[in-house]
């Protein structure tokens with residue numbers, strides 16, 4: 001039985017400080033009188049909500065624990081009833097994410113994820129640029145069913161990047177990083193962010209955004225998200241690695257051995273195992289159910305739970321695997337807490353009040369410049385965030401409400417802000433889960449990371465608002 | 001990364017057989033036309049519910065997985081909406097249990113549970129009978145905050161029983177079991193069942209029973225349960241070890257060294273650690289909040305979540321401890337699933353229909369003989385169950401409804417059936433979680449286990465219905 005390590009004096013102080021700061025935020029907002037037109041409970045909930053976000057950023061404790069404190073606070077202060085405070089835990093979008101977390105484990109456990117990666121390396125890996133595309137392609141294939149972008153980048157793609165880089169004697173520590181490794185790391189990182197933007201189930205905060213849109217009466221289904229993201233997403237996946245190749249060229253450009261190595265890895269793996277076939281079959285079935293869910297009258301959550309049941313019946317996953325998937329339970333707690341609070345901020349009228357107040361400032365400009373300004377502010381404010389979730393939960397609902405208030409077509413606004421909630425992570429090395437993992441590998445220097453990130457952010461914004469804008473016009477979203 | 005062990009041919013067949021049997025039950029009930037007066041959805045839900053219970057008994061998969069299949073089935077068949085099917089997961093009673101599971105970990109992690117046990121051994125352990133009482137007393141003290149009776153018996157009490165027994169050279173393997181060990185195992189086992197009956201939070205299926213009663217409009221609070229159980233419970237805790245001592249005497253009756261050993265163990269442990277003080281303080285606070293919750297307007301779930309927050313702030317528990325508490329997540333899934341299905345069976349009118357139909361058979365007898373018959377049938381049918389939960393979920397709601405239909409005062413009926421839902425486990429070695437743990441230790445022979453179990457069951461029924469009946473009369477429950 002492991003015992004709690006006694007925190008050292010310093011870290012205990014640091015925790016106490018972070019905790020006090022979080023608490024202070026709650027108390028200060030709580031004590032400010034609610035503005036005209038805002039219900040007292042709404043204001044009190046805002047105090048707890050903002051403090052929860054601050055806590056998630058300052059991290060006196062892990063995210064899940066902070067979120068649980070937030071839920072407890074809503075109940076202890078009588079701001080919400082017990083039933084309301086717990087309502088997030090039965091939210092169907094959250095169960096979609098929870099199920100997808102368990103399903104994702106199957107890709108890693110069966111080795112199917114690695115096999116897919118090696119297939120792409122075998123196909124595209126004769127040149128370094130092709131290797132870069134193979135990383136992005138692997139991430140793309142896995143994205144629909146792995147809602148933890150960190151798991152995708154960290155557990156599937158990163159090990160392959162590292163082993164390919166090592167095969168070309170490109171290491172982080174001895175000045176050989178630019179041979180192959182640094183370029184591949186960048187492709188893996190930016191590829192991951194683009195694929196995260198392409199599917200509702202590709203990043204944990206996407207359903208949070210969809211839920212917040214739903215609270216404002218804007219329905220975002222799995223299929224609607226995927227269709228709208230498809231054209232700009234695929235284009236970004238094609239363009240960004242090429243841009244990186246030009247701006248940050250690998251020293252080795254021809255890599256015939258990589259393709260060879262992948263083939264020998266695949267030979268080593270042998271034919272697809274029984275468990276991999278079941279995993280693949282379940283994945284294909286899930287995609288079909290998610291895409292045609294509306295026609296088939298199968299909700300995406302039901303499809304996901306059905307998928308997990310298949311993996312359990314076929315022994316691809318054991319129940320033990322499910323129970324020990326700590327990241328899933330952690331996400332379950334924090335996502336439920338945030339969804340619940342955000343929903344009640346909407347229900348209690350705070351978001352409407354905010355959008356009316358702020359929207360009033362934009363009355364003289366048309367919705368297009370207004371929405372451009374709003375979405376770019378939303379995008380570039382991510383320099384100040386270390387988590388997609390913190391950013392989405394604190395700003396998405398309010399920005400969406402203002403965008404709609406100034407006349408932006410609601411579905412368009414919800415989707416663009418949703419896509420940006422992933423793409424905005426390109427700029428820093430602390431932006432989202434995969435960033436510290438991939439940056440931490442040491443292949444890319446900090447100034448390079450930031451410079452390339454800034455360029456990629458501009459490329460992405462141009463592609464998504466430009467070509468994406470045309471595509472959404474065709475789709476009739478505006 | 002551990003890989004799924006390929007099941008052997010035989011176990012795979014056995015799993016397939018158990019799974020098919022479970023499925024068959026669902027299909028057969030589903031295909032039987034719903035009786036007059038029962039809605040089709042109610043009947044279909046019954047089919048899924050009964051199959052889930054059968055699955056929990058046959059165990060083609062662990063309990064949590066079976067329950068998840070049940071939830072998926074309600075959605076896939078369109079019997080319940082997605083929102084309804086997931087509603088159990090935000091049930092406040094389930095969150096009470098989930099929080100209590102995490103809090104219970106604190107007793108084990110800090111060593112406070114073991115310290116309490118050694119204190120009792122030091123106080124009462126000079127004679128073997130006293131040792132028996134000290135096991136029951138430890139279990140009693142921990143019961144309010146440890147809803148897994150298996151954790152209490154298996155993780156706290158059992159290690160002490162074994163180490164005390166070994167100290168007296170009483171072992172399971174060499175014919176010395178009857179010296180001390182066998183008697184102590186019996187005291188630990190029956191003590192555990194009695195304490196489980198005494199608090200709403202002392203056994204995971206108790207809140208399930210309370211929830212089912214709530215669905216029928218009968219409110220059972222934490223305090224109401226504890227007060228009603230106090231007198232017969234304490235009497236049982238006094239009488240049962242004495243009965244065991246007479247019927248199944250230990251060969252060694254004087255154990256002055258035990259008391260000595262406990263004192264040296266305590267000396268070895270040193271003074272209470274900081275974490276133990278926090279644990280104790282939280283526990284006392286929780287008891288106060290649970291007992292006076294109604295006066296203080298603090299719901300028991302809120303109190304429990306607050307308690308967990310304190311343990312996290314004070315670093316008694318880490319968030320990691322919470323996330324890896326697999327038994328908690330498992331219970332969360334199965335308990336939510338069963339509570340949800342049982343609630344909808346009630347809401348859809350099936351329980352009312354059943355009680356009217358069966359209650360009609362009892363019209364000519366008074367409620368007292370009718371309820372006696374019902375409760376004894378409920379009690380002794382546990383010979384056929386290997387889990388309190390399976391028994392409670394399949395029979396409690398229906399028996400309660402019939403009892404009320406024949407005129408039994410509702411609260412009395414709900415409580416008695418609730419108490420019996422714990423006491424009925426005395427009879428076999430497979431009755432409830434602690435039974436296989438304690439029986440499996442090998443100190444007690446199977447015929448002894450069953451004989452003593454039968455006697456104790458009679459003693460408990462007599463005490464709870466006799467003295468308990470008088471106490472409940474004083475409380476005005478009938």
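Tabulated data for the structure shown
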{"quantity": "Exclusive hit being within 14 Å of another protein chain (Cβ to nearest Cβ), buried (at least 21 other Cβ atoms within 10 Å of the Cβ) and without any contact (Cβ under 8 Å) to a residue 60 or more places away in the chain, set A:303, A:337, A:328", "calculated": "A:303"}
{"quantity": "Criterion (closer than 30 Å to residue A:165 by Cβ and either in contact with a helix residue (DSSP H, G or I) (Cβ under 8 Å, 6 or more places away or on another chain) or in the same structural domain as residue A:98 (by TED's automatic domain parsing) (or both)) met by exactly one of A:352, A:303, A:267", "calculated": "A:267"}
{"quantity": "Flag for residue A:59 being modelled with pLDDT of 90 or more and surrounded by fewer than 21 Cβ atoms within 10 Å (Cβ to Cβ)", "calculated": "no"}
{"quantity": "Test: residue A:132 is more than 24 Å from residue B:89 (Cα to Cα) and either more than 10 Å from chain B (Cβ to nearest Cβ) or over 25 Å from the mean Cα position of the chain (by Cα) (or both)", "calculated": "yes"}
{"quantity": "All positions within the stretch A:102-113 that are at the interface with another protein chain (Cβ under 9 Å from one of its Cβ atoms) and in contact with a helix residue (DSSP H, G or I) (Cβ under 6 Å, 6 or more places away or on another chain)", "calculated": "A:108, A:110"}
{"quantity": "Residues that are in a helix (DSSP H, G or I), touching a residue at least 24 places away in the same chain (Cβ under 8 Å) and either at the interface with chain B (Cβ under 7 Å from one of its Cβ atoms) or within 22 Å of the chain's Cα centre (by Cα) (or both), drawn from the stretch A:306-319", "calculated": "A:307, A:308"}
{"quantity": "Number of positions in the stretch B:218-254 that are buried (at least 23 other Cβ atoms within 10 Å of the Cβ) and touching a strand residue (DSSP E or B) at 6+ places or on another chain (Cβ under 7 Å)", "calculated": "0"}
{"quantity": "Test result for residue A:298, surrounded by fewer than 17 Cβ atoms within 10 Å (Cβ to Cβ), free of Cβ contacts under 8 Å to residues at least 60 places away in the same chain, within 29 Å of the chain's Cα centre (by Cα) and more than 24 Å from residue B:330 (Cα to Cα)", "calculated": "no"}
{"quantity": "Only listed residue being at pLDDT below 95 and closer than 25 Å to residue B:326 by Cα, chosen from A:345, A:335", "calculated": "A:335"}
{"quantity": "Lone unmet requirement of (1) surrounded by fewer than 19 Cβ atoms within 10 Å (Cβ to Cβ); (2) within 14 Å of another protein chain (Cβ to nearest Cβ) for residue A:263", "calculated": "(2)"}
{"quantity": "Qualifying residue in the stretch B:64-73 (condition: over 22 Å from residue A:318 (Cα atoms) and modelled with pLDDT under 95)", "calculated": "no"}
{"quantity": "Single condition residue B:142 does not satisfy, out of (1) farther than 30 Å from residue B:314 by Cα; (2) buried (at least 22 other Cβ atoms within 10 Å of the Cβ)", "calculated": "(1)"}
{"quantity": "Some residue of the stretch A:82-101 being in contact with a helix residue (DSSP H, G or I) (Cβ under 9 Å, 6 or more places away or on another chain), more than 9 Å from chain B (Cβ to nearest Cβ) and farther than 17 Å from residue A:333 by Cα", "calculated": "no"}
{"quantity": "Test for residue B:405: is it at pLDDT 90 or above, more than 15 Å from the chain's Cα centre (by Cα) and in the same structural domain as residue B:64 (by TED's automatic domain parsing)", "calculated": "no"}
{"quantity": "Checking residue A:176 against (1) in contact (Cβ under 8 Å) with a residue 40 or more places away in the chain; (2) not in a helix (DSSP H, G or I), the condition it does not meet", "calculated": "(1)"}
{"quantity": "Test for residue A:8: is it modelled with pLDDT under 90, more than 22 Å from the chain's Cα centre (by Cα) and within 14 Å of chain B (Cβ to nearest Cβ)", "calculated": "yes"}
{"quantity": "Conditions (1) within 14 Å of chain B (Cβ to nearest Cβ); (2) under 21 Å from the mean Cα position of the chain (by Cα): number failed by residue A:49", "calculated": "(1)"}
{"quantity": "Matching option when the condition is buried (at least 17 other Cβ atoms within 10 Å of the Cβ), away from every other protein chain (no Cβ under 11 Å) and either modelled with pLDDT of 90 or more or under 23 Å from the mean Cα position of the chain (by Cα) (or both), among A:289, A:280", "calculated": "A:280"}
{"quantity": "Out of B:196, B:170, sole residue that is in a loop (DSSP other than H, G, I, E, B) and under 20 Å from residue B:444 (Cβ atoms)", "calculated": "B:170"}
{"quantity": "Some residue of the stretch A:233-256 being within 14 Å of another protein chain (Cβ to nearest Cβ) and either assigned to a helix (DSSP H, G or I) or over 25 Å from residue A:202 (Cβ atoms) (or both)", "calculated": "no"}
{"quantity": "Filter result (under 24 Å from the mean Cα position of the chain (by Cα) and buried (at least 21 other Cβ atoms within 10 Å of the Cβ)) within the stretch A:362-378", "calculated": "A:371, A:374, A:375, A:378"}
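Yes/no matrix, rows are residues, columns are (1) part of a loop (DSSP other than H, G, I, E, B); (2) closer than 25 Å to residue A:194 by Cα:
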site: A:321; (1), (2): no, no
site: A:330; (1), (2): no, yes
site: A:337; (1), (2): no, no
site: A:368; (1), (2): no, yes
site: A:398; (1), (2): no, yes
site: A:402; (1), (2): no, no
site: A:415; (1), (2): no, yes
site: A:429; (1), (2): yes, yes
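The values are calculated or read from the model by the stated rules, or taken from the named source; none is laboratory data. Just so we're clear, the structure is a prediction, and the values are computed from it rather than from any experiment. Using ideal geometry, Cβ is built from the backbone for each residue, glycine included, and neighbour counts are taken over all protein chains shown.
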